[in-house]
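Let me begin by presenting the structure, written as structure tokens, before commenting on it.
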Amino acid sequence: MADSTYDIGMIGLGVMGRNLVLNMADHGYAVAGYDRDVSQVQALRREAAGRNVRGVDKPADLIAALRRPRAVMLLVPAGPPVDAVIAALLPQLEPGDMIIDGGNSHFKDTDLRARTLAEKGFTYLGVGISGGEHGARHGPSLMPGGPRAAYERVRPIFEAVAAQVDGQPCVAYLGPGSAGHYVKMVHNGIEYGLMQLIAETYDLMKRGLGLTDDQLCDIYDRWNKSELNSYLVEITAHIFRQPDERTGQRLIDVILDAAKQKGTGMWTSQDAMDLQVPAPTIDLAVAMRDLSALKAEREAASGRLDRPIRPLASRRPAAGDEAEATAFIERLRNALYAAMIMTYAQGLAQLGHASGAYRYDLDLEAVARIWRGGCIIRAAVLEKIRAAYQAQPDLPNLLLDSSLGGEVMARQEDLRNVVHAAIDAGIPVPGLAVSLAYLDGYRSAWLPANLIQAQRDYFGAHTYERVDAKGVFHTHWEEDSGWAG
């Protein structure tokens, strides 16, 4: 057996774990890896040939290969598998050793594990990782949280393997406890929202304008060269030109219209509601994935509740006269950009509230900075978002930044036009529509919530507040109105 000279151990050698090991090794770090699936260990040995990497068949061999105090990273599915691995590791570890959870664990699970392990003398980091297979191999965005001293032990490794933007690594210490996993959770919630918005633009151009896959590819490629420049828009263009090896058709046209989820978007919505922070675009994106899964019901409803889709332009590009459709596509581009800004605004506002509620003391400028590269929601607009928080660290909402708020308002009429046209056509655009409603609600100095206060007091004596006096009040509504229902 090799001496205890390896810098870090990796448990879980699937796509993400194996590629992160190779990334670490390419930057000069010695890494030992283990997976209970022997084929994954063998794959690591093949791919890591010539590097200072050791694939082992037993957890004990992994622990024996690591220099003290040990650092062991887990990239296993969230939930019970994490607890099972930790339970198996603890008898082989020593006080002062560190466990790093690099999966998408729920932040409350991370807090519980950190407290439990601290009582036993171990340190625990919860690290969000975004970037998929390519990011893990060539530079992800890393979102670490936990004891700062523990992070400092692995900071050189993380900074070496992270994506780089303007010479800065896309990793930063985010805060104590579950700060890292919470930020990653909200990252994924924003991701849900952005994907829903892009899907709605696809629907409008496919069913509303009758565009072909080639035309869609060209449009998204062109959009990616504009202010919409982002990883998600970029890959959307690529998707429309990907052929299907089995049928010869475009692959997009043989993929089932039912999207799955792993829970992080739902967790974002749930905790936003717990914090009483509105995140309607994210909420809606989660709901639409649930609706997409009701494939059989939707097919039945399409026959019983049929109403033909109306075209969004009287003449389509394929017919030769492109003027009307081209104008709509330009409005759609502006609408998407405005809605994307509002999706980031909702997620970052949630992070701001969570920072205080959970004592993370998040630096939102740092969050935006490390999201600029490596991660799935990386986009050109994140540089403007970073600058907004640099100028005003306590900014409660990005819509209050003069630059970003101005960009949204400059495009609001296009967003309204697109939503109106979609409603008339019968094409669902709930993400765009709720983003517009969020804008109109947020910029309203008055909302009809006074009626809701009155209703709550009427039926449940929940009291209400007044505009002309402080305190809470209650009215005996039926007696005062002379009507008993």
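Averaging over all projection directions, the Cα-based convex hull of the chain occupies 29.6 nm² in the image plane. Over region 176-305, Cα pairs under 8 Å with separation of 6+ residues give a relative contact order of 28 percent.
Going by how many other Cβ atoms sit within 10 Å of their own, how do His476, His138 line up, fewest first?
Numbers: His476 10, His138 15.
Fewest to most other Cβ atoms nearby, the residues stand as His476, His138.
Cβ-Cβ distance of Arg148 and Ser403, R₀ of 25 Å, FRET efficiency by 1/(1 + (r/R0)^6): the value works out to about 0.15.
Summing +1 for each Lys or Arg and -1 for each Asp or Glu, what net charge is found among the other residues whose Cβ lies under 10 Å from the Cβ of Val429? That sum, taken over residues with Cβ under 10 Å, equals -2. If you take all other residues with their beta carbon under 11 Å from the beta carbon of Ser355, and give Lys and Arg +1 and Asp and Glu -1, the sum is -2.
What FRET efficiency, computed as 1/(1 + (r/R0)^6) with R0 = 35 Å and r the Cβ-Cβ distance, is obtained for Ile423 and His474, rounded to the nearest 0.05? Don't jump to the answer; show the numbers that get you there.
Numbers: r = 41 Å, r/R0 = 1.16.
Efficiency, from the Cβ-Cβ distance: 0.30.
All other residues whose Cβ lies under 10 angstrom from that of Thr264 are scored, Lys and Arg at +1 and Asp and Glu at -1, for a net of +1. Exposure proxy for Phe473, Phe107: other Cβ atoms within 10 Å of each Cβ, ordered fewest to most, give Phe473, Phe107.
Stretching Val15 away from Arg241 to a fully extended chain increases their span by 78.9 nm, per 0.36 nm per residue minus the current alpha-carbon distance. Could you tell me whether region 223-300 comes out rounded, prolate or oblate from its Cα gyration tensor? Rule is a ≥ b ≥ c as square roots of the eigenvalues, rounded for a/c under 1.5, then prolate if a/b exceeds b/c, otherwise oblate. It comes out oblate by the Cα gyration axes.
Going by how many other beta carbons lie within 10 Å of each one, how would you line up Val233, Val254, fewest first?
On the way: Val233 23, Val254 10.
Final ranking by Cβ density, sparse to dense: Val254, Val233.
Antiparallel versus total DSSP beta bridges in the chain: what percent is that, nearest 5? If you can, show how the numbers build up before the last one.
Numbers: 10 of 31 bridges.
Taking every DSSP beta bridge within the chain, about 30 percent pair in antiparallel fashion.
In this simple spin-label model, placing a label point 7 Å from the Cα along the Cα-to-Cβ direction at both Val467 and Ser302 gives a separation of 4.9 nm. The angle between the Cα long axis of helix 280-292 and the main principal axis of the chain comes to about 80°, on a 0 to 90 degree scale. Pairwise Cα distances in region 332-418 exceed 18 Å in 42 percent of cases.
Only the coordinates and a few stated rules stand behind these numbers; no lab work does. None of these values were measured; they are calculated from a predicted model. Glycine gets a Cβ as well: all are built from the backbone with ideal geometry, and neighbour counts include every protein chain shown.
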